[in-house]
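Step one of this worksheet: look at the structure below.
Please treat every number below as a calculation from the coordinates, not as lab data. Predicted model, so just to flag it, every value in this text is computed and none were measured. Cβ atoms come from the backbone with ideal geometry, glycine included; neighbour counts cover every protein chain shown.
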Amino acid sequence: MKYQRVELHNHSTESDGEMTAAELMRWAEKEAYGVIALTDHNTCSGHEKAEKTIKEEQLHIDLLKGVEVTTFYGHILALGMEHMVDFTDLDPKAPEKFLRKLRAAGAGVIGLAHPFCIGRPVTAGCRMDLEIHDWNQIDYIEVFNTSGGTEAMAGKIMGNRRALEFWEEKVLEGYHLAAVSGKDIHQKPQKLPVMITYALLEDDAEEDMEDAAKAVLGALMRQKTVVTKGPMLHAWAEQDNLWIEVEHSSEYEKWNEKWKNCNPVLWIRGRHVEKVLPLCFTKCVEKIKLPGILHEEQETDQYGYHTMVLRLYDGTCQYENLLAAGISVRWKSGGKEE
Ligand SMILES: [Zn+2]
Ligand SMILES: [Zn+2]
């Protein structure tokens, strides 16, 4: 499995950011991102500028064009959208028609930004107040938004904990939703040990940078993302068994070294089971078979699938100790993954 480091929620001087689109692209390359989205509030005006910088300066990064559609009832991340649409016709009690309009405008992948952040009157419109009836219209949820400046603030003010729980509830109900973390860059970010999104790509995925953004959109649609402080976690069902792969070779924030002092604990939740398993590793990339666990999850979702969500903690299962999350496994009885 290959992991593509991505940042899907950013602003430039084209809206209320402090970095120009060009500066943002240079920053992303320096920070070793493979794909960076430009999602200014309600405008696509930065896309061309970002593309020009990448081309002229031969930056080894791919641009994902998008918009953060900033409505009074929540912020919608529309990835792939290359021209802005009028949103005055958005009906907060039935937003599906508007979501379809976004798709028609090129938004192949639609996500909810910071859905549980503090709302009115402090930050009117930031909280998700749309009454979504058809969750199949949404492709991903930002379960961490780290624009709060500090890690502690990001946890409290942005409602991240609730967003992660909400994503897990929806996935266990049977909806195909990916989980992502958004830096929501407005200023040049400080170096903080915050959650980062990685897209999981097949081993034979194209190396071509021009298709990198497309591959990331595909990973989002297949729920193949992980949000992590460093260690990678990937899980799947195979021949009646739950398998996980943990990789801790990432040099980001020196995680390859930090890992030595970690006591990794796997937390698994299904519709009616919850399990905590301490893990032991000797290698950088380790595949582990967890027999029997799939059989414990008898309940199925509304589509007839069994689903589990996973988190990786350091030591005890407290939110503050979270290392990685946003991973799910779905399978039909008999152990076959979807
Ligand atoms: Zn926002
Ligand atoms: Zn934003």
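Structural size metrics of the chain, computed from C-alpha coordinates, are Rg and Dmax of 19.3, 56 Å. The calculated pair-distance distribution of the stretch 254-295 uses every alpha carbon pair, bins of 5 angstrom beginning at 0, and gives 5, 15, 27, 21, 14, 11, 6, 1 percent. Couplings 3J(HN,Hα) of the stretch 136-147, computed from phi: 5, 7, 10, 9, 7, 10, 7, 8, 9, 10, 10, 7 Hz, in residue order, whole Hz [Karplus 6.51 cos²θ - 1.76 cosθ + 1.60, θ = phi - 60°; x for Gly and Pro].
For the chain, relative contact order (Cα pairs under 8 Å, six or more residues apart, normalised by length) works out to 14 percent.
Give me Rg/Rg_expected for the stretch 265-338, where Rg uses Cα atoms only and Rg_expected = 2.2 N^0.38 Å with N residues.
Working: Rg = 13.2 Å, N = 74, 2.2 N^0.38 = 11.3 Å.
Compactness ratio reported: 1.17.
Only one residue of 75, 212, 45 has its Cα farthest out toward the positive end of the dipole of the chain, where Lys and Arg carry +1 and Asp and Glu -1 on Cβ, and that residue is 75. Does the stretch 180-338 come out rounded, prolate or oblate by the C-alpha gyration tensor, with a ≥ b ≥ c the root eigenvalues, rounded set by a/c under 1.5 and, if not, prolate when a/b is larger than b/c and oblate if not? In terms of gyration-tensor shape, oblate.
Segment residue 104..residue 317, full-extension length gain: 72.5 nm, with 0.36 nm per residue of separation and the alpha-carbon distance subtracted. Report summary: the helix-based calculation at 222 nm, which adds -39500 (n - 2.57) for every DSSP H run with n ≥ 4 and divides by the residues of the chain, gives -5500 deg cm²/dmol. Amide H to amide H, with H built 1.01 Å from N, residue 129 comes under 5 Å of 74, counting only residues 5 or more places away or on other chains.
Placing a pseudo-label 7 Å from each Cα along the Cα-to-Cβ vector at residue 253 and residue 296 gives an inter-label distance of 2.8 nm.
Taking amide H as placed 1.01 Å from N in the peptide plane, residue 62 has its amide H under 5 Å from the amide H of 35, 36, each at least 5 places away in sequence or on another chain.
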